Amino acid sequence: MQSIYFLIPISLVMFICAIFAIYYAIKSRQFDDLDNESQRVILDDRQFRREQLKAPPPNNQSDNTVNHKNNQDK
């Protein structure tokens, strides 16, 4: 019987904390767009890859190949 006096207030406090956590999540708009957020990561990655492919190659790489060919000729 003594454990009930301890467990009931603890369970009520945990219940109030759970209600507050759900209220906070709803108020901070975490459940507004559940479908598109999971796809946003993939779409951002695709956009980054497209931009990377459109960018011209760096000049340092072409200079290294020219120097390497000149060293082989000697």
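The values are calculated or read from the model by the stated rules, or taken from the named source; none is laboratory data. Bear in mind that the values here come from a model prediction, so they are computed numbers and not experimental data. Side chains included, ligands, DNA and RNA excluded: accessible areas come from the protein's heavy atoms. Shrake-Rupley method; radii C 1.70, N 1.55, O 1.52, S 1.80 Å.
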Using a 1.4 Å probe on heavy atoms of the protein chains only, the accessible area for Met14 in Å², nearest 10, reads 130
For Leu12, Leu53, the accessible-area ranking with a 1.4 Å probe, largest leading, is Leu53, Leu12
